[in-house]
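Each remark here refers to the structure printed beneath this line.
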Amino acid sequence: MDFILALLVGAAAGYLAGKFTKGSGFGVAGNLVVGILGAFVGRLMFGLVGFTAVNLLGSLISATCGAVVLLAVIRAVKKR
């Protein structure tokens, strides 16, 4: 059940990150991948500052922040 919840949070984070960065998105599968990878990036970033996500909302916020950073990096690399 935790795995399914992680996938749903990842998908939502990827969707939100796509909307925040005004992108056209990567489709459902792409948003899921970006969201899941963003969750790892967000957890790392928040951990470096001393924050921890303890509930569903905190997980969604950290995953979305990580996905936004990941999308910014992807777009910066694509422009080169």
- Item | Search result, residues across region 70-80 that are in a helix (DSSP H, G or I) and surrounded by fewer than 17 Cβ atoms within 10 Å (Cβ to Cβ) | Ala72, Val73, Ile74, Arg75, Ala76, Val77, Lys78, Lys79
- Task: Kindly check whether there is at least one residue in region 17-36 that is modelled with pLDDT of 90 or more, crowded, with 18+ Cβ neighbours inside 10 Å and of a type in the set (A, V, I, L, M, F, W, C).
- Result: no
- Can you name every residue in region 5-56 that is assigned to a helix (DSSP H, G or I) and aromatic (Phe, Trp, Tyr)? Tyr15, Phe20, Phe40, Phe46
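The values are calculated or read from the model by the stated rules, or taken from the named source; none is laboratory data. This one's a predicted model, so the numbers in the text were calculated from it and none came from an experiment. Neighbour counts are summed over all protein chains in view; Cβ atoms, including those assigned to glycine, are modelled from backbone coordinates with ideal geometry.
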